[in-house]
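Taking it in order: structure first as C-alpha coordinates, then the write-up.
The values are calculated or read from the model by the stated rules, or taken from the named source; none is laboratory data. All of these numbers come straight from a predicted model, not from anything done at the bench. Cβ placement follows ideal geometry from the backbone for every residue including glycine, while neighbour counts extend to all protein chains displayed. Accessible surface is based on the protein model in full, side chains and every heavy atom, while ligands, DNA and RNA are left aside. Shrake-Rupley method; radii C 1.70, N 1.55, O 1.52, S 1.80 Å.
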Amino acid sequence: MITSTWMTTSDGTRINKWLSEMGVCSRRQADRLIVQQQVQVNGQSATLGMLIAQNDEVKVGGELISQRPAAQYILYYKPVGVVCTHQLSVKDNLEQALNFPERVFAVGRLDRASEGLLLLSNQGEIVNKIMRAEHKQPKKYYVWVDKPVTAGFIEQMSQGVEILGQTTLACEVEYIGERQFAITLVQGLNRQIRRMCQTLGYKVERLQRVQIMHLTSDALPPGSYRQLTDIEIAQLYAAIDY
(Lines give C-alpha, C1' and ligand atoms only; values in the text may rest on other atoms or scores of the structure.)
Protein backbone atom coordinates (compact mmCIF):
# COMPACT_ATOMS: atom_id res chain seq x y z
CA MET A 1 0.00 0.00 0.00
CA ILE A 2 1.29 3.45 -0.94
CA THR A 3 0.40 6.60 0.95
CA SER A 4 -1.69 8.87 -1.25
CA THR A 5 -0.48 12.06 -2.86
CA TRP A 6 -2.70 14.41 -4.88
CA MET A 7 -2.58 17.77 -6.57
CA THR A 8 -4.34 20.55 -4.68
CA THR A 9 -5.27 24.14 -5.26
CA SER A 10 -5.09 26.62 -2.40
CA ASP A 11 -8.48 25.28 -1.31
CA GLY A 12 -8.20 21.58 -2.14
CA THR A 13 -9.27 19.03 -4.74
CA ARG A 14 -12.80 18.43 -5.99
CA ILE A 15 -14.21 15.44 -4.17
CA ASN A 16 -15.06 13.34 -7.23
CA LYS A 17 -11.53 13.83 -8.60
CA TRP A 18 -10.06 13.02 -5.18
CA LEU A 19 -12.04 9.79 -4.90
CA SER A 20 -11.01 8.86 -8.44
CA GLU A 21 -7.32 9.48 -7.70
CA MET A 22 -7.60 7.42 -4.53
CA GLY A 23 -8.78 4.45 -6.59
CA VAL A 24 -12.25 4.40 -5.05
CA CYS A 25 -14.28 4.81 -8.26
CA SER A 26 -14.66 6.91 -11.39
CA ARG A 27 -15.69 10.56 -11.07
CA ARG A 28 -19.18 9.78 -12.37
CA GLN A 29 -19.57 6.95 -9.87
CA ALA A 30 -18.30 9.28 -7.12
CA ASP A 31 -21.05 11.76 -7.91
CA ARG A 32 -23.62 8.98 -7.65
CA LEU A 33 -22.26 7.88 -4.28
CA ILE A 34 -22.41 11.47 -3.03
CA VAL A 35 -26.03 11.87 -4.14
CA GLN A 36 -26.81 8.58 -2.37
CA GLN A 37 -25.18 10.03 0.78
CA GLN A 38 -22.62 7.24 0.88
CA VAL A 39 -19.71 9.71 1.28
CA GLN A 40 -18.88 11.57 4.47
CA VAL A 41 -16.26 14.27 5.00
CA ASN A 42 -15.26 15.00 8.58
CA GLY A 43 -18.41 13.28 9.80
CA GLN A 44 -20.81 15.17 7.53
CA SER A 45 -22.48 14.08 4.29
CA ALA A 46 -20.45 15.20 1.29
CA THR A 47 -21.88 17.52 -1.36
CA LEU A 48 -21.27 17.58 -5.10
CA GLY A 49 -18.30 19.72 -6.10
CA MET A 50 -16.96 20.26 -2.58
CA LEU A 51 -13.21 20.51 -2.13
CA ILE A 52 -11.09 18.09 -0.11
CA ALA A 53 -8.07 19.35 1.79
CA GLN A 54 -5.14 17.11 2.62
CA ASN A 55 -6.12 16.69 6.29
CA ASP A 56 -9.82 16.00 5.71
CA GLU A 57 -11.23 12.63 6.82
CA VAL A 58 -13.21 10.99 4.02
CA LYS A 59 -15.31 7.85 4.36
CA VAL A 60 -17.21 5.90 1.70
CA GLY A 61 -19.88 3.56 3.00
CA GLY A 62 -18.39 3.98 6.46
CA GLU A 63 -14.89 2.96 5.32
CA LEU A 64 -12.07 5.45 5.87
CA ILE A 65 -10.22 6.30 2.66
CA SER A 66 -6.67 7.16 3.66
CA GLN A 67 -4.33 5.28 1.34
CA ARG A 68 -4.18 4.74 -2.38
CA PRO A 69 -4.15 1.00 -3.15
CA ALA A 70 -1.80 -0.69 -5.58
CA ALA A 71 -3.21 -0.64 -9.11
CA GLN A 72 -5.49 -3.54 -10.01
CA TYR A 73 -6.58 -4.47 -13.53
CA ILE A 74 -9.00 -7.38 -13.81
CA LEU A 75 -10.49 -9.18 -16.81
CA TYR A 76 -13.72 -10.91 -15.76
CA TYR A 77 -16.09 -13.17 -17.69
CA LYS A 78 -19.54 -12.02 -16.63
CA PRO A 79 -22.09 -14.84 -16.75
CA VAL A 80 -25.68 -14.36 -17.86
CA GLY A 81 -27.76 -13.16 -14.91
CA VAL A 82 -25.15 -10.95 -13.22
CA VAL A 83 -26.13 -7.27 -13.03
CA CYS A 84 -23.41 -4.70 -13.72
CA THR A 85 -23.89 -2.70 -10.55
CA HIS A 86 -21.84 -2.36 -7.37
CA GLN A 87 -24.94 -1.71 -5.27
CA LEU A 88 -25.16 -4.59 -2.82
CA SER A 89 -28.91 -4.07 -2.46
CA VAL A 90 -29.41 -5.25 -6.07
CA LYS A 91 -29.87 -9.00 -6.46
CA ASP A 92 -27.09 -10.77 -8.42
CA ASN A 93 -24.91 -7.65 -8.33
CA LEU A 94 -21.42 -7.59 -9.83
CA GLU A 95 -19.70 -6.90 -6.53
CA GLN A 96 -20.84 -10.16 -4.96
CA ALA A 97 -20.51 -12.22 -8.15
CA LEU A 98 -16.90 -11.15 -8.69
CA ASN A 99 -15.97 -11.51 -5.00
CA PHE A 100 -12.65 -9.71 -5.49
CA PRO A 101 -10.85 -8.86 -2.22
CA GLU A 102 -10.38 -5.17 -3.17
CA ARG A 103 -12.74 -2.51 -4.50
CA VAL A 104 -12.67 -2.44 -8.32
CA PHE A 105 -15.08 -0.85 -10.78
CA ALA A 106 -16.23 -1.94 -14.23
CA VAL A 107 -15.29 -0.02 -17.36
CA GLY A 108 -18.64 -0.01 -19.14
CA ARG A 109 -21.48 -2.50 -18.78
CA LEU A 110 -23.10 -5.65 -20.08
CA ASP A 111 -26.82 -6.13 -19.53
CA ARG A 112 -28.13 -8.96 -17.34
CA ALA A 113 -28.95 -11.22 -20.31
CA SER A 114 -25.51 -10.78 -21.94
CA GLU A 115 -22.25 -12.53 -21.11
CA GLY A 116 -18.57 -12.07 -21.68
CA LEU A 117 -15.67 -9.82 -20.86
CA LEU A 118 -15.60 -6.91 -18.45
CA LEU A 119 -12.53 -4.84 -17.63
CA LEU A 120 -12.37 -3.69 -14.02
CA SER A 121 -9.91 -1.47 -12.19
CA ASN A 122 -9.44 0.50 -9.01
CA GLN A 123 -7.76 3.31 -10.95
CA GLY A 124 -10.46 5.91 -11.44
CA GLU A 125 -8.54 8.06 -13.90
CA ILE A 126 -7.94 5.07 -16.17
CA VAL A 127 -11.65 4.24 -16.05
CA ASN A 128 -12.46 7.85 -16.96
CA LYS A 129 -10.05 7.96 -19.90
CA ILE A 130 -11.35 4.74 -21.44
CA MET A 131 -14.97 5.80 -21.09
CA ARG A 132 -14.55 9.31 -22.51
CA ALA A 133 -15.86 9.69 -26.04
CA GLU A 134 -12.46 10.48 -27.53
CA HIS A 135 -11.07 7.26 -26.06
CA LYS A 136 -13.82 4.87 -27.15
CA GLN A 137 -12.12 1.58 -27.83
CA PRO A 138 -13.28 -1.36 -30.00
CA LYS A 139 -15.25 -4.19 -28.42
CA LYS A 140 -16.06 -7.38 -30.29
CA TYR A 141 -19.17 -9.50 -29.77
CA TYR A 142 -20.54 -12.80 -31.01
CA VAL A 143 -24.30 -12.66 -31.54
CA TRP A 144 -26.86 -15.44 -32.05
CA VAL A 145 -30.25 -14.46 -33.48
CA ASP A 146 -33.64 -16.08 -34.04
CA LYS A 147 -33.56 -16.41 -37.84
CA PRO A 148 -31.06 -16.71 -40.69
CA VAL A 149 -28.53 -13.92 -41.12
CA THR A 150 -28.72 -12.48 -44.63
CA ALA A 151 -26.26 -10.43 -46.68
CA GLY A 152 -28.68 -7.52 -46.48
CA PHE A 153 -28.79 -7.73 -42.70
CA ILE A 154 -24.97 -7.72 -42.49
CA GLU A 155 -24.80 -4.70 -44.78
CA GLN A 156 -27.41 -2.71 -42.84
CA MET A 157 -25.81 -3.50 -39.49
CA SER A 158 -22.39 -2.44 -40.74
CA GLN A 159 -23.60 0.82 -42.30
CA GLY A 160 -25.55 1.94 -39.22
CA VAL A 161 -29.05 1.48 -37.83
CA GLU A 162 -31.32 4.15 -36.39
CA ILE A 163 -31.96 3.59 -32.68
CA LEU A 164 -32.61 5.95 -29.78
CA GLY A 165 -33.07 8.88 -32.17
CA GLN A 166 -29.70 8.51 -33.88
CA THR A 167 -27.92 6.36 -36.46
CA THR A 168 -25.24 4.09 -35.04
CA LEU A 169 -21.69 4.51 -36.32
CA ALA A 170 -20.48 2.33 -39.17
CA CYS A 171 -18.90 -0.82 -37.79
CA GLU A 172 -17.37 -4.15 -38.77
CA VAL A 173 -19.88 -7.01 -39.05
CA GLU A 174 -18.89 -10.54 -40.05
CA TYR A 175 -21.08 -13.51 -41.00
CA ILE A 176 -20.17 -16.58 -38.91
CA GLY A 177 -23.03 -19.03 -39.35
CA GLU A 178 -26.65 -19.30 -40.37
CA ARG A 179 -27.88 -17.54 -37.23
CA GLN A 180 -24.64 -16.07 -35.88
CA PHE A 181 -22.52 -13.04 -36.66
CA ALA A 182 -19.67 -11.04 -35.11
CA ILE A 183 -19.79 -7.28 -34.62
CA THR A 184 -17.12 -4.83 -33.45
CA LEU A 185 -18.35 -1.58 -31.91
CA VAL A 186 -16.68 1.64 -30.84
CA GLN A 187 -19.92 2.97 -29.37
CA GLY A 188 -21.61 2.04 -26.14
CA LEU A 189 -25.26 2.97 -26.55
CA ASN A 190 -27.76 1.35 -24.20
CA ARG A 191 -28.49 -2.22 -25.35
CA GLN A 192 -27.10 -1.18 -28.72
CA ILE A 193 -26.77 -4.55 -30.46
CA ARG A 194 -30.15 -5.77 -29.24
CA ARG A 195 -31.82 -2.54 -30.41
CA MET A 196 -30.07 -2.65 -33.79
CA CYS A 197 -31.21 -6.22 -34.37
CA GLN A 198 -34.75 -5.44 -33.23
CA THR A 199 -34.98 -2.53 -35.67
CA LEU A 200 -34.09 -4.92 -38.50
CA GLY A 201 -36.63 -7.53 -37.39
CA TYR A 202 -34.30 -9.87 -35.50
CA LYS A 203 -34.25 -10.99 -31.88
CA VAL A 204 -30.98 -11.63 -30.06
CA GLU A 205 -30.96 -15.04 -28.40
CA ARG A 206 -27.41 -14.93 -27.08
CA LEU A 207 -24.85 -12.11 -26.88
CA GLN A 208 -21.23 -12.66 -25.87
CA ARG A 209 -18.48 -10.03 -25.62
CA VAL A 210 -15.22 -11.72 -26.62
CA GLN A 211 -12.77 -8.82 -26.87
CA ILE A 212 -12.18 -5.40 -25.30
CA MET A 213 -9.47 -3.42 -27.09
CA HIS A 214 -6.49 -5.84 -27.18
CA LEU A 215 -7.88 -8.03 -24.40
CA THR A 216 -9.47 -11.37 -25.31
CA SER A 217 -11.25 -14.09 -23.37
CA ASP A 218 -8.52 -16.73 -23.87
CA ALA A 219 -10.99 -19.45 -22.83
CA LEU A 220 -11.68 -17.64 -19.54
CA PRO A 221 -14.52 -19.67 -17.96
CA PRO A 222 -17.79 -17.86 -17.10
CA GLY A 223 -17.66 -16.42 -13.59
CA SER A 224 -13.84 -16.37 -13.42
CA TYR A 225 -11.31 -13.54 -13.68
CA ARG A 226 -7.62 -12.98 -14.18
CA GLN A 227 -5.16 -10.17 -13.62
CA LEU A 228 -3.85 -8.33 -16.67
CA THR A 229 -0.22 -9.02 -17.51
CA ASP A 230 2.41 -6.27 -17.45
CA ILE A 231 2.44 -6.29 -21.26
CA GLU A 232 -1.35 -5.93 -21.41
CA ILE A 233 -1.24 -3.04 -18.94
CA ALA A 234 1.45 -1.30 -21.01
CA GLN A 235 -0.70 -1.77 -24.13
CA LEU A 236 -3.68 -0.36 -22.26
CA TYR A 237 -1.73 2.75 -21.26
CA ALA A 238 -0.51 3.21 -24.83
CA ALA A 239 -4.01 2.89 -26.26
CA ILE A 240 -5.34 5.74 -24.10
CA ASP A 241 -2.16 7.89 -24.08
CA TYR A 242 -1.82 7.52 -20.32
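Points worth noting:
- DSSP-defined antiparallel bridges as percent of all bridges, the chain, nearest 5: 95 percent
- Computed per residue of the chain from DSSP H runs no shorter than four, each worth -39500 (n - 2.57), the mean residue ellipticity at 222 nm is -6000 deg cm²/dmol.
- Debye intensity ratio in log₁₀ form over the Cα atoms of segment 104-242, taken at each q of 0.11, 0.22 Å⁻¹: -0.42, -1.43
- Each other residue within a Cβ distance under 13 Å of Glu178 adds +1 if Lys or Arg and -1 if Asp or Glu, for a net charge of 0.
- FRET efficiency estimate (nearest 0.05) - Cβ-Cβ, Gln227 to Asn93, R0 25 angstrom: 0.70
- Between the amide H of Ile52 and those of Thr13, Arg14, Ile15, distances stay under 5 Å, these residues lying 5 or more places away or on another chain, with hydrogens modeled in the peptide plane.
- Among the trypsin sites (Lys or Arg not before Pro) within segment 97-187, those in coil by DSSP and having at most 10 neighbouring Cβ atoms inside 10 Å are Arg132.
- Difference of contour (0.36 nm per residue) and Cα-Cα distance, Asp241 to Gln166: 24.1 nm
- The relative contact order of the chain comes to 20 percent, based on Cα pairs under 8 Å that sit 6 or more residues apart.
- Per residue, the chain exposes an accessible area of 52 Å² to a 1.4 Å probe, with every protein chain left in place.
- For Cys25, the shell of other residues with beta-carbons less than 9 Å away shows a net charge of +4, using +1 for Lys and Arg and -1 for Asp and Glu.
- For Val143, the shell of other residues with beta-carbons less than 15 Å away shows a net charge of +3, using +1 for Lys and Arg and -1 for Asp and Glu.
- Beyond 18 Å in Cα-Cα separation lie the following of the pairs Lys17/Lys91; Lys136/Lys203; Lys17/Lys59; Lys78/Lys147; Lys91/Lys139: Lys17/Lys91; Lys136/Lys203; Lys78/Lys147; Lys91/Lys139.
- Cut-off under 5 Å, modelled amide H: who pairs with Tyr73 long-range: Leu228
- GNM on the chain, alpha-carbon springs under 10 angstrom: the most fluctuating residue among Gly165, Gly62, Gly201 is Gly165.
- Accessible-area composition of segment 196-242, carbon plus sulfur, in percent [1.4 Å probe]: 51 percent
- Under 5 Å, built H, 5+ apart or other chain: amide partners of Ser114: Gly81
- Using every pair of separate Cα atoms, the Kirkwood estimate puts the hydrodynamic radius of the chain at 19.5 angstrom.
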